[in-house]
1. Give the stretch 37-65 a look and list any residue that's surrounded by 12 or more Cβ atoms within 10 Å (Cβ to Cβ) and over 29 Å from residue 102 (Cβ atoms), or say none.
2. Among (1) of a type outside the set (Phe, Trp, Tyr); (2) more than 16 Å from residue 140 (Cβ to Cβ); (3) surrounded by 17 or more Cβ atoms within 10 Å (Cβ to Cβ), there is one condition residue 78 misses while meeting the rest; what is its number?
3. Mind telling me which of the residues 3, 14 ends up being without any contact (Cβ under 8 Å) to a residue 12 or more places away in the chain and surrounded by fewer than 10 Cβ atoms within 10 Å (Cβ to Cβ)?
4. Looking only at the stretch 111-121, decide whether some residue is more than 20 Å from residue 59 (Cβ to Cβ), without any contact (Cβ under 8 Å) to a residue 24 or more places away in the chain and part of a strand (DSSP E or B).
5. With respect to residue 99, determine if the residue is in contact with a Lys or Arg (Cβ under 6 Å, 6 or more places away or on another chain) and either of a type in the set (A, V, I, L, M) or not in a helix (DSSP H, G or I) (or both).
Amino acid sequence: MVIEVLIVSSIITIALLGAMAVTQKSIYVVRQALHATQAGFLLEEGAEAVRILRDNTWTNISSLTNATNYYLAFLGGTWTLTTTASDGIVGSFTRTVTIASVNRDNTTKDIVTSGGANDAGTKLVTVTVTWVEAGTTVTKTLKFYIIDIFS
């Protein structure tokens, strides 16, 4: 009788430990999915903010220094880009915006990665969102071209 109780207790303990491990992993996966979704929203918001800056005036974009990390801040009822890192912190996320020049082929006018001529009316925008997940830094990036459509 004692052996049977011991065996049943062991089986129940193993089953409970297994269920707890599955539950813990499920919570971790759900948290990862939540963070990835939030990062996606922050990327899209960053892209829209850059488009709003462009719509206000192209010099908001063209005057930026290439390969510099900028951070979005909502000040005075509109978006601005600053170099103050604390402006890029949104909860547990950090969002950065960088700008790069774009070159076009002289003949086809296609965008090229090397050679060609600088197109002052087009910029490559990279919005990056990073956060720490279980001790590891996770990065999501959105790249897009933006053009001076009002000149």
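The values are calculated or read from the model by the stated rules, or taken from the named source; none is laboratory data. Keep in mind that what you see is a predicted model, and the values were worked out from it rather than measured. Glycine gets a Cβ as well: all are built from the backbone with ideal geometry, and neighbour counts include every protein chain shown.
1. 38
2. (3)
3. Numbers: 14 fails: surrounded by fewer than 10 Cβ atoms within 10 Å (Cβ to Cβ).
Every option except 3 fails the conditions.
4. Just the residues of the stretch 111-121 that are more than 20 Å from residue 59 (Cβ to Cβ), to begin with: 111-117.
Still in the list and also without any contact (Cβ under 8 Å) to a residue 24 or more places away in the chain: 112-117.
Among the residues that remain, those that are also part of a strand (DSSP E or B) are: 112, 117.
Scanning the stretch 111-121 turns up at least one residue that is more than 20 Å from residue 59 (Cβ to Cβ), without any contact (Cβ under 8 Å) to a residue 24 or more places away in the chain and part of a strand (DSSP E or B).
5. Details: in contact with a Lys or Arg (Cβ under 6 Å, 6 or more places away or on another chain): yes; either of a type in the set (A, V, I, L, M) or not in a helix (DSSP H, G or I) (or both): yes.
When the stated conditions are applied, residue 99 passes them.
A quick yes/no check of all residues on (1) of a type outside the set (D, E, K, R); (2) modelled with pLDDT under 95; (3) more than 30 Å from residue 24 (Cα to Cα); (4) touching a helix residue (DSSP H, G or I) at 6+ places or on another chain (Cβ under 9 Å):
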| residue | (1), (2), (3), (4) |
| --- | --- |
| 50 | yes, no, yes, yes |
| 74 | yes, yes, yes, yes |
| 82 | yes, no, yes, yes |
| 115 | yes, yes, yes, no |
| 137 | yes, no, no, no |
